[in-house]
Amino acid sequence: MTTARNRFAAAGSHRTTRRLVGARSGLTAVLLAAALMAAGCTGGGASSKGEEAEAPDDPKKVSGTIKVLTHRTDLVQDGTMKEYAAEFNKTYPNVKVEFEALTDYEGEVKIRMNTDNYGDVLMIPAAIKKNDYPKFFASLGSQAERSKKYRFTDFTTVGGKVYGQSPIGVTPGFIYNKRVWQEAGVTDWPTTPAEFIADLKAIKSKTDAIPYYTNFKDMWPLSQWTGAIGSVSCDVQANDKLAASDPWAKGGELRTIDTLLYDIVHHGLVEKDPTTTNWEGSKPKLAKGEIATMWLGSWAITQMQAAAEEAGTDPDDVGFMPFPAQKDGVFCPLVAPDYNQAVSIHSQHKQAARAWIDWFTDKSGYAEDNLTLSPVKGAPLPDVLKPYEDAGVKFIELDQTNTALVNEIDNASEIGLNKPDYRQDLVDLARGARKGSLEDYFADLSKRWTDAAKTAGS
Amino acid sequence: MTDTASEATSQAASVGVPPARAKSRAWGRRGRPGRAGAPVALPGPAPRPWRARLLRGATPWLFMAAALVLLVTFTYAPVANMVAYSFTDWDGVSPELSYTGVGNYVDIFTRPELFQVFFVSLYYLAASVVQIAAALYFATILSFNTRFRNFFKGVLFFPYLINGVAIGFVFLYFFQDGGTLDSVLALFGVDTDRAWLSTSTSANVSLAGVSVWRFMGLNFVLFLGAIQSIPSELYEASELDGANRWQQFRHIIAPGIRPIITLSAILAISGSLSAFEVPYIMTGGATGTETFVIQTVKLAFQFNKTGLASAAAVVLLLIILAVTWVQRRLVPDDKVDLV
């Protein structure tokens, strides 16, 4: 079961992306030909730029076979996706839906997108630049229109048009074992990073559990920490502000977030050997109470509950809490989309593809099945987030106006906010496997970020 | 530390010739009759000359065609493509790219931190010395009449047959806290309580150790093949002269397989510079185990700088070619003459 997991997994080890076939022997000839053809190879034939995938008026009239690329290999294998398709066919009898599940979704689809053949419906890979969306995908409509009904339209809007829609909304947070936290005498959610550390220390001294599990080796769980941006200041502009400010300056969002991680590791509140952690193994450990806490997201709750059932412990022990920071006495957890579904610009059956996306988002029940938030505005919270409702949290959704610029700075600086590397270094620093001080480390990140910000966007 | 099996074996085949040639020369000197002279032409109808010439010219190409097509398609064409990309700012996905001239190369050579990762290669280089020495030792031992020698040959070569990714996963369990290594040490009463991959030095030594385990079999087989092509009369003669095992190794085996040792050294160096699979799977380059290739892969696939990464790959290729050239100048590939 991997929802947000593949999204952050490092791309595979594909070294070269394209192969030039049919070149004559003789190295010089090949070199020459390749140099000449390199430009031609990358021409994706995006002649139909700006096309729209309109929603069909009459469900009976739309027809065709559409191929849906998905990262949910588990749901395709166990037949769940087929059930969704059968349900879909009750409304759209003339559309045939085929699924293609990809284990290394990000890595494979990114390369396939150099061709015209990347399915009719697909999840937008993280590698595609936001400004390139109109070259690859057909628009789903104007933002003004869609934002009335749906969340997350900001994330895929280019030039006022929306290019994708996530079928679920997730909120990042700590998965914790309620029983262990209670044994340590903690009943209320910590409201500051300092309280959080104190609670973990209590867990360490009063129970046998590992207070916090980094999942260092599997890397992507570390990059999940970036999802906390915004919950410190409760500011919907937090993401946009990254483009114009230094995220690691005193009081900066990432400074608070990364300092918390540093402190957790520095105080020895983590597993003994972070370099050999095991994600699959961590699930039953959390369920059994051998691990007390992990920073993941609401998407992981179902997986932990499943692990609890398998291990024979109580699934209700799996708890979920927001980042320990409050503004005016209120927690501000974020709501963010998972992969956004989009219609390929090369699709021959754009109406059918659009029909699938609309149906899957509105009517499939996929969001409820996965205990996640619905992307449809005004939909009720899933039961697992009941405690959030009781605590009176304020869900915020980050503004995405500057996302393209932020991503450009991120790539240019080679820091990788959504990549695990810089946090792996942070953890190494905190446990003394790497020389240097936290201040110097932040200063270096700040310098790289601000230097890149100067040249980006030109 | 070589991940290029086909290259190794093809080169081994060509380098492995000298001892065989030495052998035939030895026979020649002892005055065996026949063979050396021109082949006796068989009487029969002569084919039309132009067709025969064409056929004779085309035959080697026909034999090589399949290999050449594969080689060009999967090696030279991608390399040429990569060279072309190294002069662009392509991000790996976008349909648009622009030529930036030598910009990427300027970028690489003005960022010294990109070359710091070569320090990690020193661990692998040191490990490859151990690897070659161990391979030489086992090859020598097993070329003599040792009990169960075929069994041991299999045992030593087996790791090389395992997929690198699988090895990465296996050794992850091996090194983890309370894993195989700790359990085995505990059997001997050693309680290390050590996190093997948790510090930079420890992690690099462990990873280099895995490389030794993995590639020693290949070196071993190359050495063994070369040693067995040394004519046995030489051993008999030396034994008559009272030479012991060490003297036999020092004066017969070592000079006899020198070309193979040189080849192994070249492959070891290029292998240590471009170490990738095992550290990538096991640590992903964390905790100071990042090698140049891991860094390049990250540039290309994490930060979408395909142009810059292609340039880095070209630079690595040039560095390896340069190192090989220097090595060949320092240790020229002499003809072997044991007699």
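If the cut-off is 22 Å between C-alpha atoms, which lysines fall inside it for A:Lys394, apart from same-chain ones fewer than 8 positions away? By straight Cα distance, A:Lys394 reaches A:Lys148, A:Lys149, A:Lys241, A:Lys327, A:Lys377, A:Lys386. The angle between the Cα long axis of helix A:438-455 and the longest principal axis of the Cα atoms of chain A comes to about 20 degrees, rounded to the nearest 10.
The C-alpha atoms of chain A define a longest principal axis, and helix A:193-206 lies at about 60 degrees to it.
Across segment B:261-339, the mean sequence separation of Cα contacts (distance under 8 Å, 6 or more residues apart), normalised by length, yields a relative contact order of 25 percent. Computed 3J(HN,Hα) for segment A:425-432, one whole-Hz value per residue from the Karplus formula 6.51 cos²θ - 1.76 cosθ + 1.60 where θ = phi - 60°, is 4, 4, 5, 4, 4, 5, 9, x, glycine and proline marked x.
Using only side-chain charges placed at the Cβ, +1 for Lys and Arg and -1 for Asp and Glu, the dipole size of segment A:172-331 relative to its Cα centre rounds to 280 debye. Think of each Lys and Arg Cβ as +1 and each Asp and Glu Cβ as -1; about the Cα centre, that makes the dipole of segment A:223-268 roughly 60 debye. Each residue of segment B:283-289 was assigned a 3J(HN,Hα) from its phi angle through the Karplus curve 6.51 cos²θ - 1.76 cosθ + 1.60 (θ = phi - 60°); the sequence is 10, x, x, 6, 6, x, 10 Hz, with glycine and proline shown as x. Sparsely packed loop sites in segment B:145-241 (the chymotrypsin sites (Phe, Trp or Tyr not before Pro) outside DSSP H, G, I, E and B with at most 11 other Cβ atoms within 10 Å) comprise B:Phe148, B:Phe188. Counting only other chain Cβ atoms within 10 Å of each residue's Cβ, the peptide A:269-277 averages 6.
Taking a Cβ cut-off of under 12 Å around A:Ala194, the surrounding Lys, Arg, Asp and Glu residues balance to a net charge of -2, with basic ones at +1 and acidic ones at -1. For the protein assembly as shown, the gyration tensor built on C-alpha atoms gives a prolate shape. Its axis ratio a/c (a ≥ b ≥ c) is at least 1.5, and a/b is the larger of a/b and b/c. For segment A:394-443, the set of trypsin sites (Lys or Arg not before Pro) satisfying both a DSSP loop assignment and a count of at most 12 other C-beta atoms within 10 Å is given as A:Lys435. Note on A:Lys447: aspartates and glutamates with a C-alpha under 19 Å away, same-chain residues under 8 apart excluded, are A:Asp240, A:Asp246, A:Glu253, A:Asp258, A:Glu408, A:Asp410, A:Glu414, A:Asp421, A:Asp425, A:Glu439, B:Asp107, B:Glu113. Return the lysines within reach of A:Lys285: Cα separation strictly under 20 angstrom, same-chain partners fewer than 8 residues apart disregarded; answer none if there are no such residues. Result set, ordered by chain and number: A:Lys178, A:Lys201, A:Lys204, A:Lys206, A:Lys217, A:Lys272. Across segment A:243-255, rounded Karplus estimates of 3J(HN,Hα) from the backbone phi angles (6.51 cos²θ - 1.76 cosθ + 1.60, θ = phi - 60°) give 5, 10, 10, 9, x, 10, 5, 3, x, x, 4, 5, 5 Hz, Gly and Pro being marked x. Between B:Phe174, B:Tyr160, A:Asn117, the Cα set farthest toward the positive side of the dipole of the protein assembly as shown (charges on each charged residue's Cβ, about the Cα centre) is that of B:Tyr160. Shielding of peptide B:294-302 by partners, expressed as the average count of other chain Cβ atoms within 10 Å per residue Cβ, is 5. Residue pairs exceeding 31 angstrom between C-alpha atoms, taken from A:Lys363/A:Lys419; A:Lys250/A:Lys454; A:Lys90/A:Lys350: A:Lys363/A:Lys419. In the protein assembly as shown, a dipole from Cβ-located charges (positive for Lys and Arg, negative for Asp and Glu) runs towards its positive end, and of A:Val232, B:Leu136, A:Trp295 it is B:Leu136 whose Cα lies farthest in that direction. For a test of the definition: using alpha carbon positions, the gyration tensor, and the 1.5 limit on a/c, classify segment B:108-330 as rounded, prolate or oblate. Oblate, because a/c is 1.5 or more while a/b does not exceed b/c.
Averaging the Cα positions of each part gives two centres, and for segment B:222-251 and segment A:305-327 these lie 69 Å apart.
Contact order for segment A:317-413, expressed relative to its length and based on alpha carbon pairs under 8 Å spaced 6+ residues apart, stands at 33 percent.
Which whole-number percent gives the relative contact order of chain A, counting Cα pairs below 8 Å spaced six or more residues apart?
23 percent
For A:Gly173, the residues whose modelled amide H falls within less than 5 Å of its own, excluding neighbours fewer than 5 places apart on the same chain, are A:Leu296, A:Gly297, A:Ser298.
Only one residue of B:Gly256, B:Tyr76, A:Ile66 has its Cα farthest out toward the positive end of the dipole of the protein assembly as shown, where Lys and Arg carry +1 and Asp and Glu -1 on Cβ, and that residue is B:Gly256. The mean count of C-beta atoms from other chains within 10 Å of the C-beta of residues in A:204-217, rounded to a whole number, is 1.
Rounded to the nearest 20, the size of the Cβ-charge dipole of segment B:108-330 about its Cα centre is 500 debye, with Lys and Arg at +1 and Asp and Glu at -1. Where only DSSP H runs of four or more residues are counted, chain A gives -11000 deg cm²/dmol as its mean residue ellipticity at 222 nm, each run worth -39500 (n - 2.57).
Coordinate-derived values only; no laboratory data. If you're wondering where the values come from, they're calculated on a predicted model, not measured in any experiment. For neighbour counting, all protein chains shown are included, and Cβ atoms are generated from backbone atoms with ideal geometry for every residue, glycine included.
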